[in-house]
Amino acid sequence: MHEYSIAQYIATILSDVAQEHGSRVQAATVAVGPMSMIVPELLHEAWTAVTYGSPLQGSELHIEHVPVRATCQECGHQTESFTPFVKCEACGSLRLKLASGHELQVVEAELEDSEAVSDES
Amino acid sequence: MRVEVMKGILGSNDAAAEGNRKFWDQHGILALDFMGSPGSGKTSIFERAVAELIKRGSSLKVIEGDIASDNDARRIEQAGAEAFQINTGGACHLHAAMVSRAMQQLDLDGVQIILIENVGNLVCPTAFLLGAHFRTVVASVPEGDDKPEKYPVAFREADGIILNKIDLLPYLPFDTGRFWDLCDQLNSDAPQFAISCTTGEGIDTLCDFIERHLAEIAG
């Protein structure tokens, strides 16, 4: 259950983005690899809790799932997986070289245009 | 308006971890971070290792991470080393900044080794680097021989793997071959240690490993 911590880190990054642009975040996209062991439902719940009462409240968090891409060190087969429990699809070995799967990144943010912000204030 | 952000979510933690590493390197200190389930015997390993390393003439301090209580820090102090207790108050892992703050509280004059016990958990601490030179995962015989398969990320990313409570092997259906085979498959680079804190078996080998790496760091 590290989703709450992760949500706090995302909130810090997005608050900075909002401040930098003098705007408000409506939505954001985060890239998440399975090796980070984030449970999407829990991250959404944590996002609601962490942003409650802050300028980020009500912003939508889109999760972009990045697969593990792995090469088997036994048979050379390439395997793709959306879980951290990745095994070679051909021979079943766990001896894999991972090329991706650790992603944990804020990719982009959708901001309110400045007119909308000034309309509200 | 869409803006590209492209920022690592854990970037600030990674930066704090790098700061910790730099600090330890500047002071010639070897730092080891131990992860494992609650009850895998991390504190018992520390008690044994602290006593042995002090006997060998090393100077070390311990950082204990727990959700609550200072029981572990008290156990370590009885074993002969100063321990700083971090209570996360609910968080299931240590952050690099918590360790930085702990380092400011400890008198590090002459200290060569810092042992860090992470919060008992095999999922959450894996993503949060602390900057330690070695991250060791601790499993124990009663937890079952399939532990590496159930927590592949922790085992894949460890710099060392400890199997604790090997004195219980005669009493439990634990297939040591299967356990180490899974570890080999997930992480053939990580040195493996079989330990019993009850009999003391394997503690010497672990301390030899720690001393060898300390010598490397000290140049």
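If R0 is 51 Å, what FRET efficiency do you get for B:N71 and A:E64 from their C-beta distance, rounded to 0.05?
About 0.75, to the nearest 0.05.
Give me the one-decimal nm value for the distance between modelled label points at B:D181 and A:H44, 7 Å along each residue's Cα-to-Cβ direction.
4.1
Using only helices, what value at 222 nm comes out for chain B when you add -39,500 (n - 2.57) per DSSP H run of length 4 or more and divide by the total residues, to the nearest 500 deg cm²/dmol?
-11500 deg cm²/dmol
So what does the Cα-only Debye profile of chain B read at q = 0.09, 0.15, 0.18 Å⁻¹, as log10 I(q)/I(0), no solvent term?
Per q value, in the given order, log10 I(q)/I(0) is -0.35, -0.96, -1.39.
Going by C-beta contacts inside 10 Å, put B:L182, A:L42, B:L172, B:L130 in order with the fewest on the left.
In order of increasing Cβ crowding within 10 Å: B:L172, A:L42, B:L182, B:L130.
Test of understanding: express the Cα radius of gyration of chain A as a ratio to 2.2 N^0.38 Å, with N the residue count.
1.33
Within 15 Å, Cβ to Cβ, of B:L182, how many net charges do the neighbouring residues add up to if Lys/Arg are +1 and Asp/Glu are -1?
Around B:L182, the surrounding residues sum to -4.
Between B:E201 and B:D189, what is the label-point separation in nm under the 7 Å Cα-to-beta-carbon projection?
Roughly 3.0 nm, to one decimal.
What full-extension length gain, to one decimal in nm, is calculated for A:T12 and A:L98 as 0.36 nm per residue of separation minus the Cα-Cα distance?
Roughly 28.0 nm would be gained on extension.
Which loop GluC sites (Glu not before Pro) in region A:23-121, with loop taken from DSSP, have no more than 15 other Cβ atoms within 10 angstrom of their Cβ?
Sites meeting the loop and neighbour criteria: A:E74, A:E89.
What does the structure give for B:4-15 when I average, per residue, the other chain Cβ atoms found within 10 Å of the residue Cβ?
6
Express the relative contact order of chain A as a whole percentage, based on alpha carbon pairs under 8 Å and six or more residues apart in sequence.
Dividing the mean separation by the residue count of chain A yields 34 percent.
In the neighborhood of B:V3, defined by Cβ-to-Cβ distances under 10 Å, what is the net charge if each Lys or Arg adds +1 and each Asp or Glu adds -1?
Cβ neighbours under 10 Å give a net charge of -3.
What is the distance, in nm, between label points placed 7 Å from the Cα along the Cα-to-Cβ direction at B:F209 and at A:C91?
Between B:F209 and A:C91, the label points sit 2.7 nm apart.
Enumerate the amide H contacts of B:G160 below 5 Å, restricted to partners 5 or more residues apart or on another chain; note that Pro and chain-start residues carry no placed amide H.
The list, which skips near neighbours in sequence, is B:R135, B:V137.
List, in order, the whole-Hz ³J(HN,Hα) value for each residue of region B:24-30 obtained from phi through the Karplus relation with A = 6.51, B = -1.76, C = 1.60 and θ = phi - 60°; use x for Gly and Pro.
So the Karplus estimates, Gly and Pro as x, are 5, 4, 4, 9, x, 9, 9 Hz.
Just for the protein assembly as shown, what percent of DSSP beta bridges are antiparallel, to the closest 5?
40
Using Cβ contacts closer than 10 Å as the measure, can you line up B:M6, A:M35, A:M1 from fewest to most?
So the residues, fewest neighbours to most, are B:M6, A:M1, A:M35.
By counting other Cβ atoms within 10 Å of each Cβ, how are B:R48, B:R74 ranked from fewest to most?
If I rank by nearby Cβ atoms, fewest first, I get B:R74, B:R48.
What share of all Cα pairs of the protein assembly as shown, in percent, falls into each consecutive 10 Å distance bin?
With 10 Å bins starting at 0, P(r) equals 5, 23, 29, 24, 13, 4, 1, 0.
Each value in this text was obtained by applying a stated rule to the coordinates, not by laboratory testing. If you're wondering where the values come from, they're calculated on a predicted model, not measured in any experiment. In this analysis, Cβ positions are derived from the backbone assuming ideal geometry, glycine residues included, and neighbour counts consider all displayed protein chains.
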